[in-house]
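The values are calculated or read from the model by the stated rules, or taken from the named source; none is laboratory data. This structure is a prediction, so every number in the text was calculated from the model and none was measured. Every residue, glycine as well, gets a Cβ built from its backbone with ideal geometry; the counts of neighbours run over all protein chains shown.
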């Protein structure tokens, strides 16, 4: 794959990716020969039962860990030759991540939690504050900026986590079970937020076991036993 900056180039491409974990009991294959492309500006849901390899695939897609075999291309670059520090630099500059557990500092404000994003991509203080406030506004939390995280609702906590992930605008927003700890109404609110961001141009890759979250127009990628299976697009 050439390193081009054309909009036609996939933002993310996995080529024959296998992930093997070694233990005293032997090798476990978490992913088996996965080939997958994620287009720029797309909204993709990665589904499958617990243990199907969703989190492993997401970790490889976001450069948290390398594959055992195969290639991972991100933003036109083959990441195979990157060491841990280089992968971390790419994540800080180009990838935002959110998780089922919000990982907020409970006694700090929503704004302080969003500002934590810049620990990994520092900017001038005034710029950091402006970007953090803009991110909170994008997820509908501008009015809660000074509220301590522990006093936010579950849905607000997850939106604060999303704001933290997008404060430095990412090319890819990756989410691992972001609605798993939320009730139905809060989950719908978070999904609305993610779709709004996607309409603004953010590429979203969301891993979930809940296929009820799929909406018309979403791309559906299904994983079972570490392999891709047919799914609706």
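If the condition is being within 17 Å of the chain's Cα centre (by Cα) and over 13 Å from residue 208 (Cβ atoms), then the range 22-51 contributes 36, 37, 38, 39, 40, 41, 42.
In the set (1) in contact with a helix residue (DSSP H, G or I) (Cβ under 8 Å, 6 or more places away or on another chain); (2) over 30 Å from residue 211 (Cβ atoms); (3) free of Cβ contacts under 8 Å to residues at least 40 places away in the same chain, residue 121 fails one condition alone, (3).
Within the range 182-204, the set of residues being surrounded by fewer than 17 Cβ atoms within 10 Å (Cβ to Cβ) and either over 16 Å from the mean Cα position of the chain (by Cα) or farther than 18 Å from residue 12 by Cα (or both) comprises 183, 184, 185, 188, 192, 195, 196, 199, 200. Cβ-Cβ distances below 6 Å connect the following pairs, each with a first residue in the range 76-98 that is touching a residue at least 24 places away in the same chain (Cβ under 8 Å), a second residue that is in a helix (DSSP H, G or I) and crowded, with 17+ Cβ neighbours inside 10 Å, and a separation of six or more residues or different chains: 96/165; 96/166; 97/165; 98/161; 98/162; 98/165.
Entry remark, the range 24-33: residues being touching a residue at least 40 places away in the same chain (Cβ under 8 Å) and at positive phi number 1 in total. Residue check: residue 173 meets all listed conditions (1) in a helix (DSSP H, G or I); (2) in contact with a strand residue (DSSP E or B) (Cβ under 9 Å, 6 or more places away or on another chain); (3) closer than 25 Å to residue 216 by Cβ but one, namely (1). Within the range 152-165, does at least one residue satisfy the condition of being surrounded by fewer than 16 Cβ atoms within 10 Å (Cβ to Cβ), farther than 28 Å from residue 41 by Cβ and in contact with a helix residue (DSSP H, G or I) (Cβ under 9 Å, 6 or more places away or on another chain)? Within the range 152-165 (the criterion being surrounded by fewer than 16 Cβ atoms within 10 Å (Cβ to Cβ), farther than 28 Å from residue 41 by Cβ and in contact with a helix residue (DSSP H, G or I) (Cβ under 9 Å, 6 or more places away or on another chain)), the answer is yes, since at least one residue qualifies. Look through 70, 51 and report the one residue that is modelled with pLDDT of 95 or more, on the phi > 0 side of the Ramachandran plot and not in a helix (DSSP H, G or I). Unique residue meeting the criteria: 70. Tell me, please, whether a residue that is part of a helix (DSSP H, G or I), in contact (Cβ under 8 Å) with a residue 24 or more places away in the chain and either exposed (fewer than 15 other Cβ atoms within 10 Å of the Cβ) or on the phi > 0 side of the Ramachandran plot (or both) can be found in the range 135-150. Yes, the range 135-150 contains at least one residue that is part of a helix (DSSP H, G or I), in contact (Cβ under 8 Å) with a residue 24 or more places away in the chain and either exposed (fewer than 15 other Cβ atoms within 10 Å of the Cβ) or on the phi > 0 side of the Ramachandran plot (or both). With respect to the conditions (1) at pLDDT 95 or above; (2) touching a helix residue (DSSP H, G or I) at 6+ places or on another chain (Cβ under 8 Å), residue 213 lacks only one, and its number is (1). Screening residue 87 on (1) crowded, with 18+ Cβ neighbours inside 10 Å; (2) farther than 17 Å from residue 161 by Cα; (3) in contact with a strand residue (DSSP E or B) (Cβ under 8 Å, 6 or more places away or on another chain) shows it passes everything except condition (3). In this structure, is residue 207 closer than 24 Å to residue 116 by Cβ, in contact with a strand residue (DSSP E or B) (Cβ under 6 Å, 6 or more places away or on another chain) and crowded, with 22+ Cβ neighbours inside 10 Å? So residue 207 fits the description; yes. Screening residue 36 with (1) assigned to a strand (DSSP E or B); (2) free of Cβ contacts under 8 Å to residues at least 24 places away in the same chain; (3) within 13 Å of residue 205 (Cβ to Cβ) gives one miss only, at (2). Screening residue 155 on (1) touching a residue at least 60 places away in the same chain (Cβ under 8 Å); (2) closer than 24 Å to residue 201 by Cα shows it passes everything except condition (1).
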